[in-house]
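Visitor: My structure is below; once you've seen it, I'll send some questions.
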Amino acid sequence: AQKVTQAQTEISVVEKEDVTLDCVYETRDTTYYLFWYKQPPSGELVFLIRRNSFDEQNEISGRYSWNFQKSTSSFNFTITASQVVDSAVYFCALSELTGANNLFFGTGTRLTVIP
Amino acid sequence: DAGITQSPRYKITETGRQVTLMCHQTWSHSYMFWYRQDLGHGLRLIYYSAAADITDKGEVPDGYVVSRSKTENFPLTLESATRSQTSVYFCASSESFQTTEAFFGQGTRLTVV
């Protein structure tokens, strides 16, 4: 079973629209970390945010905001007033603190912002 | 410049050949990682290293070999390349494995023909 599910494979929005990227995770650990990374067309992955399982406060950074809900095992990412530069593939990732290989990425959501 | 660099950026090789992908970081991070990125799979961990001379398998280690004789370098070798190893390979480094963010290189696009 997928540890991290990003059900939206591709999303297209018109510039200035708001868009939410969904991330649902699965873990039995009580302590874990969630991440979002951005992969622009240039190819490198850029870290956006880290959240540990004990901190359910939502976070806002400029036009970006994250909604972490343990009750639904979700860590959704919203871009407000989208811009063309937001066009990228976005990855959600889960890190568990038990076991050896325990950093799992979702399959990514490709966001296209149309001018 | 500080950062993490991979070389080459693009590589075409033939089935059965050995090929080595290089990764160098300047942050002195303890942890280094190799991932492969394939459509429909996201990123999958191949190998990681917690320090010089300490390496361990990730999710998809078969067909790959790593070494880490120096903290800053973490080469990935495909001993006998197969077409299924055609992929984009990313090297990353971080201060810890699970609790801190990773910094990624620009990737190496490898094609095995």
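Visitor: Taking every DSSP beta bridge with both residues inside the protein assembly as shown, roughly what % is antiparallel (nearest 5)?
Guide: 90
Visitor: Can you pull the mean other chain C-beta count within 10 Å for peptide A:45-51?
Guide: Mean inter-chain Cβ contacts per residue within 10 Å come to 4.
Visitor: Right, next: So with the 1.4 Å probe, I'd like the accessible area per residue for the protein assembly as shown, rounded to whole Å².
Guide: Dividing the accessible area of the protein assembly as shown by its residue count gives 48 Å².
Visitor: Please average, across the residues of B:96-106, the number of beta carbons from any other chain that are within 10 Å of each residue's own beta carbon, and give a whole number.
Guide: Partner Cβ neighbours, averaged per residue: 6.
Visitor: Using only the Cα atoms of the protein assembly as shown, build the gyration tensor, take square roots of its eigenvalues as a ≥ b ≥ c, and label the shape rounded, prolate or oblate: rounded if a/c is under 1.5, else prolate if a/b is larger than b/c, else oblate.
Guide: In terms of gyration-tensor shape, prolate.
Visitor: Separate question: Going by average Cβ neighbours within 10 Å, how do the peptides A:82-89, B:19-26 rank, with the highest at the top?
Guide: Going by the mean number of other Cβ atoms within 10 Å, highest first, we get B:19-26, A:82-89.
Visitor: How well do other chains shield peptide B:36-43, expressed as the mean number of their Cβ atoms within 10 Å of each residue Cβ?
Guide: The shielding value for this peptide is 5.
Visitor: In sequence order, what are the phi-derived ³J(HN,Hα) couplings for region A:47-58 according to the Karplus relation 6.51 cos²θ - 1.76 cosθ + 1.60 with θ = phi - 60°, rounded to whole Hz, with x for glycine and proline?
Guide: These are the phi-based 3J(HN,Hα) values: 5, 10, 7, 10, 9, 8, 5, 9, 10, 9, 5, 6 Hz.
Visitor: Rounded if a/c is under 1.5, else prolate if a/b is larger than b/c, else oblate: which is region A:34-102, with a ≥ b ≥ c the root eigenvalues of its Cα gyration tensor?
Guide: Judged from the Cα gyration tensor, region A:34-102 comes out oblate (a/c at least 1.5, b/c at or above a/b).
Visitor: Follow-up question, since we're still on this one. Give the distance, in whole Å, between the Cα centre of region A:56-115 and the Cα centre of region B:18-35.
Guide: 25
Visitor: Let me ask something else about it. If you look at just the Cα atoms of chain B, how large are its Rg and its Dmax in Å?
Guide: Cα only, chain B: 13.1, 39 Å (Rg, Dmax).
The values are calculated or read from the model by the stated rules, or taken from the named source; none is laboratory data. Since the model is a prediction, treat every value here as computed from it, not as a measurement. In this analysis, Cβ positions are derived from the backbone assuming ideal geometry, glycine residues included, and neighbour counts consider all displayed protein chains. These accessible areas exclude ligands, DNA and RNA; they are computed on the full protein's heavy atoms, side chains included. Shrake-Rupley method; radii C 1.70, N 1.55, O 1.52, S 1.80 Å.
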